[in-house]
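Inspection log for the structure reproduced underneath, given as structure tokens.
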Amino acid sequence: MKMIRPSFQKLMMVSAFATSIFLTSCSKNDINSIDAAPGTSVTESDNSAPAGTQQEQVIPGQYIVEYNDNALNTASFKDEMSYSEISAFVREETNSLLQASKLTDVAISNVYSSALVGFAAKLTNDQVATLKNHPNIKSVEPDRIITLANIKTNSVNLSGAQAIQYGTTRVGSGNGVGKRVWIIDTGVKLDHPDLTVDQSKSKSFVSGVTSPTDGFGHGTHVAGIIAAKDNGFGIKGVAAGATVVSLRVFDDVGRSATSWIIAALDYASKNAGANDVINMSLGSNGSYSLDNAVIKAANYGGSTGKGLLIAVAAGNSSVSSTTTSPARVNHAKVFTVSAMDINDNWATFSNFGTPVDFAAPGVAIVSTYKDGSYTSMSGTSMAAPHVAGLLLLKAAAPSANGYVKNDPDGAADKIAHY
Ligand SMILES: [Ca+2]
Ligand SMILES: [Ca+2]
């Protein structure tokens, strides 16, 4: 179906991943052609720099602070209070702690109440030292800003009957209507005709940006793989017709910060329902706070068992995913996903290693796009949402069907299946 030139794999690898947060898709200028379904035509759109040339840099004076697990016992009243009430409580307690510690002029940019409990703030070196020594503080980590290059796309005009994509066929699909996925990404095109977006719950965590729509062109693609409607046109998602919530953490030029991503996890933890799913087709080099926020989201609800199921992209740097957050998180409800092609062959850009739970299709995937149309993209960003769709359908770990070929770590990943 898709013709891939030999240069493909090399071009996927441009990421300076060791020092980057990434959106785990790659440029598609390497895809020679797309044999689209009947009634389709293919056009090239090649007006951007290669994806993967992202940079991650510390934001001077900006930190993510986490409380010890029982310092502010928000879990004990999380069911009685609204998200804004519980957030206000953490802000109040934080102000009290800062005052008691004689820390003045601290600008708090985020408070976290429902995944990890803590805050993000501007701090001087002396203030950081004081907080690190405070008995109620577990960690103080520099916040980082992440800048992405544009993503190249091959736009696909799906003007005929609905075309079932190979990835959906390979992993299996079902009726997702009434199920709900929270997508932490560049936003989602809110009125794409092939998607059902819950606009009231969707939210931007980007500083100075209020709209949760997709200004960059990545999150809408992820959304379609998971949840495109079974409606006779366009494509069909793995959990077709599931409701999408856009949690936007990248701005129009592809910039994010670790503190924004944690804010999105925090919001989802409190507001999601039982058996909801989070998709994270993003990552960075190791971040203790980001890993911890994912673990806390997966544990949310504790013995009541609500805890969210989370699909995470392994990353695109051909390295062990043990170097990558949150891909390296090992948790029964967190599923790290490597990428393969239409023939079950390993996508050589994909990260590997023991954190990987499943392989899924991630090469030349056609899905919904930010302008309301359809496009092809490649990356572990496209593999993770196949697994997110299965998590929605099963409310549990996917089954498996076969093993990926040529897995570089010598332990072939199971291929996710309904
Ligand atoms: Ca459709
Ligand atoms: Ca493996």
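The values are calculated or read from the model by the stated rules, or taken from the named source; none is laboratory data. Quantities reported herein were computed from a predicted structural model and do not represent experimental measurements. Note that each Cβ is placed from the backbone with ideal geometry, even for glycine, and that neighbours are counted across all protein chains shown.
Scanning the stretch 340-361 for residues that are under 26 Å from Gly307 (Cβ atoms) and either of a type in the set (Asp, Glu) or touching a Gly at 6+ places or on another chain (Cβ under 9 Å) (or both), we see that the one that is surrounded by the fewest Cβ atoms within 10 Å (Cβ to Cβ) is Asp357. The numbered conditions (1) assigned to a strand (DSSP E or B); (2) more than 13 Å from ligand 2 (Cβ to nearest atom); (3) in contact with a Phe, Trp or Tyr (Cβ under 6 Å, 6 or more places away or on another chain) are all true for Gly402 except (3).
Can you tell me which residue in the stretch 400-410 is nearest to ligand 1 (Cβ to nearest atom), limited to those that are more than 25 Å from the chain's Cα centre (by Cα) and closer than 21 Å to Val319 by Cβ?
Lys405
If I filter the stretch 110-127 for residues that are modelled with pLDDT of 95 or more, surrounded by fewer than 18 Cβ atoms within 10 Å (Cβ to Cβ) and within 18 Å of Val206 (Cα to Cα), do I get at least one hit? So far as the stretch 110-127 goes, yes, one or more of its residues are modelled with pLDDT of 95 or more, surrounded by fewer than 18 Cβ atoms within 10 Å (Cβ to Cβ) and within 18 Å of Val206 (Cα to Cα). Exactly one residue out of Gly234, Gly241 is within 12 Å of ligand 1 (Cβ to nearest atom), within 14 Å of Arg180 (Cα to Cα) and not hydrophobic (A, V, I, L, M, F, W, C): that is Gly241.
Of all residues in the stretch 135-152, those satisfying the criterion of being over 15 Å from Ala121 (Cα atoms), surrounded by fewer than 18 Cβ atoms within 10 Å (Cβ to Cβ) and at pLDDT 75 or above are Pro135, Asn136.
Scanning the stretch 185-231 for residues that are within 11 Å of ligand 1 (Cβ to nearest atom) and of a type in the set (A, V, I, L, M, F, W, C) yields Leu195, Ala227, Ala228.
Confirm whether Pro326 is within 16 Å of the chain's Cα centre (by Cα), closer than 22 Å to Ile261 by Cα and within 16 Å of ligand 1 (Cβ to nearest atom). Against the criterion (within 16 Å of the chain's Cα centre (by Cα), closer than 22 Å to Ile261 by Cα and within 16 Å of ligand 1 (Cβ to nearest atom)), Pro326 does not qualify.
Taking the stretch 163-197 as the range and being surrounded by fewer than 24 Cβ atoms within 10 Å (Cβ to Cβ) and in contact with a strand residue (DSSP E or B) (Cβ under 7 Å, 6 or more places away or on another chain) as the test, the residues that pass are Ala163, Tyr166, Arg170, Gly172, Ser173, Gly174, Asn175, Lys179, Arg180, Leu190, Thr196, Val197.
The rows are residues; the columns are (1) exposed (fewer than 15 other Cβ atoms within 10 Å of the Cβ); (2) touching a helix residue (DSSP H, G or I) at 6+ places or on another chain (Cβ under 7 Å); (3) at pLDDT 90 or above; (4) farther than 27 Å from Leu158 by Cα.
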position	(1), (2), (3), (4)
Phe8	no, no, no, no
Ser15	no, no, no, yes
Glu56	no, yes, no, yes
Tyr67	no, no, yes, yes
Ser82	yes, no, yes, yes
Gln99	yes, no, yes, yes
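For the stretch 323-332, check the following and say yes or no: at least one residue is buried (at least 18 other Cβ atoms within 10 Å of the Cβ), among the charged types (D, E, K, R), more than 15 Å from ligand 2 (Cβ to nearest atom) and touching a residue at least 12 places away in the same chain (Cβ under 8 Å). Within the stretch 323-332, not a single residue is buried (at least 18 other Cβ atoms within 10 Å of the Cβ), among the charged types (D, E, K, R), more than 15 Å from ligand 2 (Cβ to nearest atom) and touching a residue at least 12 places away in the same chain (Cβ under 8 Å). Working carefully through the options Ala388, Ala397, find the one that is closer than 20 Å to Ala298 by Cα, surrounded by fewer than 24 Cβ atoms within 10 Å (Cβ to Cβ), touching a residue at least 60 places away in the same chain (Cβ under 8 Å) and away from ligand 1 (no atom under 16 Å from the Cβ). From the options Ala388, Ala397, the qualifying one is Ala397.
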